[in-house]
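J.: Below is the structure I would like to discuss, written out as structure tokens.
The values are calculated or read from the model by the stated rules, or taken from the named source; none is laboratory data. Since the structure is predicted, the reported quantities are computational estimates derived from the model, not experimental observations. As a convention, Cβ positions derive from the backbone with ideal geometry for all residues, glycine included, and neighbour counts pool all protein chains shown.
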Amino acid sequence: MTDDRLDHLRAVAPLLWPAPFVVSAEPAAPRRSAARPSSEERRYLLLPSGRRPRLITPTSPRAAAAVVRHHGEGRGRSARLQAVGLSIAVRLGAGRWLTRGRVRITVAGRTDGAMTIEEHLSGVLGREVVIGMHLGPPRANRKPVLQVLTPEGRTLAYAKLGVDPLTDALVRAEAEALDALAERPLHGVTVPSVLHHGRWSGHQLLVQSALPVWSPRRPLTEAGLVAAAAQIAGVGSEDGVQLARSDYWAQLRARVGELPATPAATRLRHLTDAMQEVAADVEVGFGASHGDWTPWNMAALPDTLLVWDWERFRPSVPLGFDLVHHTLQTELVSRLQDPAGSAHRCVTEAPRRLAGLGLPERTAVVTALAYCLDLATRYLTDRQQEAGARLGDVDAWLLPAVEDGLEQIKRGTWT
């Protein structure tokens, strides 16, 4: 039985290598694949195995090693060490015998204007390139994210390609966010720049600069994380206002109201109404938000924090959303904790987590509850459960945490 990620690769391959190019993704390639490819053929490796691939890498050992190394960025210590070990093995030329899985792109005869994604990106960047790609788990927002390298293995850029209306909107949103941030430099935070924004295979294509993640690192302290989040929030800083009277809250309620009638959506509407009553008098501050503030989207250098993946950037949300998101996603992804317990802790520990922003206990908890309602709305809107996402069933883990939090506010647990 093949892995869903291999099926995903076969689904998006015609977008990356459109006709007349023919793509074959083979879990066990025939022996003749070891021969030198012709000028009208490209080959990539499937790592760590052809039947359960996580990465597509060039056959060049140096370029393949760079892709594997990048895959370890921002992950747990064990995963990083595994990536380093595999990178060294691939760099020494072991990739050819570690897996027989191959992606082969061939063409019998060119037609006018026929071009592969590598050739298009070569034109955009003005030099020959190869690509690597991480094959992620099922999610509604899954799309090709390409590491663009020289044949010698130097990373030049990263490219994102939409595959449907949702992912096209996200790619377009990231391009707009990066353009806006280019006009508002952040102290101590470095973001990618837009190298190209256009269309490919009928979908949104964004090419952005590669941040120097290979540079020497420093530990990222809690104070440093709070300071960086505050810098981003300052881009859209607004005076405090009662949550129930804010434009943000009106927009969230409108989004909830537009959801299809499902048991989870009905429960979410009831919780939003309950929040309206419980938090009517709670004043919160507002500011911009990265939207996916996680360890794997950042790297701390001695003089700056590199931050990438800005497709969920928003100009005005309750102050503290990014820090709550970081807490929850670190538990869910980096530590593989129980989702229901993680959601509960992200609410109960909000006063401690948001103390660095100067938020009173009750305000911090209301902020965390608003975040959970917002995230649940996004998951239901994006149809994450239907897409097979591991956390798509918000009724099983996210909404119960909101119910518990609202009950504790009513009992006066937080002041």
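J.: Quick one: is residue 296 modelled with pLDDT under 95 and under 30 Å from residue 182 (Cα atoms)?
T.: On the way: modelled with pLDDT under 95: yes; under 30 Å from residue 182 (Cα atoms): yes.
The answer is yes for residue 296.
J.: Any idea which of (1) part of a loop (DSSP other than H, G, I, E, B); (2) modelled with pLDDT of 95 or more; (3) out of contact with any helix residue (DSSP H, G or I) (no Cβ under 6 Å at 6 or more places or on another chain) is the one residue 137 doesn't satisfy?
T.: (2)
J.: Checking the structure you have, find out if any residue of the range 349-370 is closer than 26 Å to residue 8 by Cβ and without any contact (Cβ under 8 Å) to a residue 24 or more places away in the chain.
T.: no
J.: On the basis of being of a type outside the set (A, V, I, L, M, F, W, C), in contact (Cβ under 8 Å) with a residue 60 or more places away in the chain and assigned by TED's automatic domain parsing to the domain that holds residue 325, does residue 390 make the cut? Walk me through how you get there before you give the answer.
T.: Working: of a type outside the set (A, V, I, L, M, F, W, C): yes; in contact (Cβ under 8 Å) with a residue 60 or more places away in the chain: yes; assigned by TED's automatic domain parsing to the domain that holds residue 325: yes.
Yes; evaluated as a whole, the condition is true for this residue.
J.: Checking residue 335 against (1) touching a helix residue (DSSP H, G or I) at 6+ places or on another chain (Cβ under 6 Å); (2) touching a residue at least 24 places away in the same chain (Cβ under 8 Å); (3) of a type in the set (Lys, Arg), which single condition isn't satisfied?
T.: Single failed check for residue 335: (1).
J.: Continuing with this model, one more query. Name the residue that is modelled with the lowest pLDDT, counting only residues in the range 1-31 that are β-branched (Val, Ile, Thr) and surrounded by fewer than 17 Cβ atoms within 10 Å (Cβ to Cβ).
T.: 2
J.: Of the residues in the range 153-181, how many are of a type outside the set (Gly, Ala, Ser) and assigned to a loop (DSSP other than H, G, I, E, B)?
T.: Summing the residues that are of a type outside the set (Gly, Ala, Ser) and assigned to a loop (DSSP other than H, G, I, E, B) in the range 153-181 gives 3.
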